[in-house]
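*Asks:* Okay, here's the structure, questions in a sec.
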Amino acid sequence: MSFEAAATVVTTLAGLRATLLTFQVVRRYASNRVAWLTAALWSVQPLGFVLSLTYSEALYAALAVSCVLAVLCRRWLTAGLLAALASGTRPTG
């Protein structure tokens, strides 16, 4: 598999993961319908197409939302590690 193809697969899977985790976070506090609507809006937002490009935004979003979910579950060490990994995806930290 070429680097470009692998990067596209990783970015697409990270974007999907970010969408599903956003659904889980909203589902903790709202109805199933609201959670689905939020996930759909997250996917089609004006800059949602960036989640399918080979940029680091999808990976950052997946790790950041994972961190939020870990905080909500009171898994502090996991949240800290996810936050550190999320900061590593950004060129400016």
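*Asks:* Just to be sure, is Leu51 touching a Gly at 6+ places or on another chain (Cβ under 6 Å) and not hydroxyl-bearing (Ser, Thr, Tyr)?
*Replies:* Working: touching a Gly at 6+ places or on another chain (Cβ under 6 Å): yes; not hydroxyl-bearing (Ser, Thr, Tyr): yes.
Yes, satisfied.
*Asks:* Being open to solvent by less than 80 Å² (accessible area, probe 1.4 Å), modelled with pLDDT under 95 and of a type in the set (Asp, Glu) is the requirement here; does Glu4 meet it? Working first, answer last.
*Replies:* Details: open to solvent by less than 80 Å² (accessible area, probe 1.4 Å): no; modelled with pLDDT under 95: yes; of a type in the set (Asp, Glu): yes.
For Glu4, the condition - open to solvent by less than 80 Å² (accessible area, probe 1.4 Å), modelled with pLDDT under 95 and of a type in the set (Asp, Glu) - is not met.
The values are calculated or read from the model by the stated rules, or taken from the named source; none is laboratory data. Just so you know, these numbers come straight off a predicted model, no measurement behind them. Note that each Cβ is placed from the backbone with ideal geometry, even for glycine, and that neighbours are counted across all protein chains shown. Each accessible area value is taken on the protein alone, full model and side chains, heavy atoms only, with ligands, DNA and RNA left out. Shrake-Rupley method; radii C 1.70, N 1.55, O 1.52, S 1.80 Å.
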